[in-house]
1. Determine whether the range 130-144 contains at least one residue that is farther than 21 Å from V106 by Cβ and surrounded by fewer than 22 Cβ atoms within 10 Å (Cβ to Cβ).
2. Which residue, of P111, P121, P191, is farther than 30 Å from L329 by Cα and either in contact with a Cys (Cβ under 6 Å, 6 or more places away or on another chain) or without any contact (Cβ under 8 Å) to a residue 40 or more places away in the chain (or both)?
3. With respect to S429, determine if the residue is modelled with pLDDT under 75, in the same structural domain as E360 (by TED's automatic domain parsing), of a type in the set (S, T, Y) and within 19 Å of F281 (Cβ to Cβ).
4. Any idea which of (1) at pLDDT below 80; (2) touching a Pro at 6+ places or on another chain (Cβ under 8 Å) is the one W225 doesn't satisfy?
5. Check the range 88-95 and report whether any residue there is surrounded by fewer than 18 Cβ atoms within 10 Å (Cβ to Cβ), over 22 Å from P158 (Cβ atoms) and either at pLDDT 70 or above or of a type in the set (A, V, I, L, M, F, W, C) (or both).
6. Pull up the range 161-190, narrow it to residues that are over 26 Å from F324 (Cα atoms) and either modelled with pLDDT under 85 or among the charged types (D, E, K, R) (or both), then point me to the one that is surrounded by the fewest Cβ atoms within 10 Å (Cβ to Cβ).
Amino acid sequence: MADAVNGPGKVGDVLLSATGDKAADTKGQISWAIFEWARNPYVLLVTIYIFAPYFSNVVVGDPVRGQAIWGNINGIAGFVIACLAPILGAIADSGGRRKPWLAVFVGVMAPATFLLWWAMPGEAGLSVTSIALLIVIVSIAFAFSEVFHNSMLPSVAPNERIGFLSGLGLALGNAGGLLILCFMLYAFMLPGRVDWSFIPDKALFGIDAAAHENSRIAGPIAGIWFFLFALPLMFFTPDRIRKTGPGMLQSVREGGRRVVKTVRQLKHYRNVATYLIARMFYNDGQTAILVFGGVYAAGVFRWDALTLTIYGIVLSIFAVGGGFFGGWLDDRFGSKVAILISIGGTALGVLLAVSITPNELFFFVPWDVNAPPVWDLPFFATVPELLYVGVVIIVAICITAAYANSRTMLARLAPASKMSEFFGLYALSGTATAFLGPALVGIATAVFHSQRVGFASVLLLLGIGLALILLVKEERAEAAE
């Protein structure tokens, strides 16, 4: 005789997950969240702050050509991801288990990232083509690991904890990135640049800044970090296991058929489709903010590399809080209201950010550019800069919260039996039009000859996403047969 239901999400002494499976224990849930801690430093070290500008300016040797090559690399990776992510998600739903796939992606990404150490100036080590191939491979593995990791969430946590756990993962990811950035600053960037007593006189471990080893080390550090901190999920987070199931080739064929069938049935999943389209627009806006936020600040305030690195550290600190803030919003008000608040806060922050320049505050208040600095530190020395940083902190918190809320929203909307498949479509909605935000900013900047107008154009994408979210109902769809 079956055990009686003793409360919501519980049968007998067994705590049930949002999909009705046995939920992971606390260690398993936290290990799931730690995977974000493992993944996120790659983004900060390689794709944003250290390796990407090094590749563009030093390895390629021409910032304009280097930026074009970097854009092509990410475009190729994005195309592959857009084509395959939904199919891989469907394969996971057919085959059941997710951790073997995650193990493959970790096994590809960690060594490929480590190899970036040999990305030397003037192609003395790896060629530009080889580096580009490595980045494409790592980017694809990174995105696919996100699909399978996200799809585990509703089968790992009870329904009432998925918001918190999603936010915890984002918070830990940003915390890991923050720790790595601070270490890079202390160990490799500041030595020899400042005479502070607590900073080493020379870079640690014999790293030679003149040979750009302080930039090249970003790859090995990200790769080792990813491998080590992926282990808790592999050991402690339970996977969904089926005693019987199709083989690999059959799973591939079945997965492809499931994707085609799901796309054809999107009319049945109209509510989920509306959400994915909304997310596509506001996610493109968020991506553009991340890509151009530093570029805008550097152009308007003439920030140097040291200032931009500290800027990244400051934003990472507050982004950690954004993960918890997003989880609290989601559990307190529901995913839809949480998204409206987080995206609305992002839009307000961007509007305030573009209202500040070295000679103007909030569009209308003039400021004397010759006013004395507020302190002697070599960064954020003026009132407009400090106000700008304060405003962008709000943006960082809200963007991180929005990422957590968005993931949780899909976990609440998608049919439980098609969770990985819909997280594949979720990844597709985040990559299919990833060019839209950067293109909009570039066109607006060129047409109006203004960085301010160009950066502000992301408000259009955020606004469209917000309007579409209002049409979404927060209810789980039934699987179409």
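The values are calculated or read from the model by the stated rules, or taken from the named source; none is laboratory data. Being a predicted model, the structure only gives us computed values, none of them experimental. Please note: Cβ atoms are built from the backbone with ideal geometry, for glycine as well, and neighbour counts cover all protein chains shown.
1. Yes - at least one qualifying residue is present in the range 130-144.
2. Selected residue: P191, the only one of P111, P121, P191 that is farther than 30 Å from L329 by Cα and either in contact with a Cys (Cβ under 6 Å, 6 or more places away or on another chain) or without any contact (Cβ under 8 Å) to a residue 40 or more places away in the chain (or both).
3. Details: modelled with pLDDT under 75: yes; in the same structural domain as E360 (by TED's automatic domain parsing): yes; of a type in the set (S, T, Y): yes; within 19 Å of F281 (Cβ to Cβ): yes.
It is true that S429 is modelled with pLDDT under 75, in the same structural domain as E360 (by TED's automatic domain parsing), of a type in the set (S, T, Y) and within 19 Å of F281 (Cβ to Cβ).
4. Only one criterion is unmet by W225, namely (1).
5. Scanning the range 88-95, I find no residue that is surrounded by fewer than 18 Cβ atoms within 10 Å (Cβ to Cβ), over 22 Å from P158 (Cβ atoms) and either at pLDDT 70 or above or of a type in the set (A, V, I, L, M, F, W, C) (or both), so the answer is no.
6. That would be L190.
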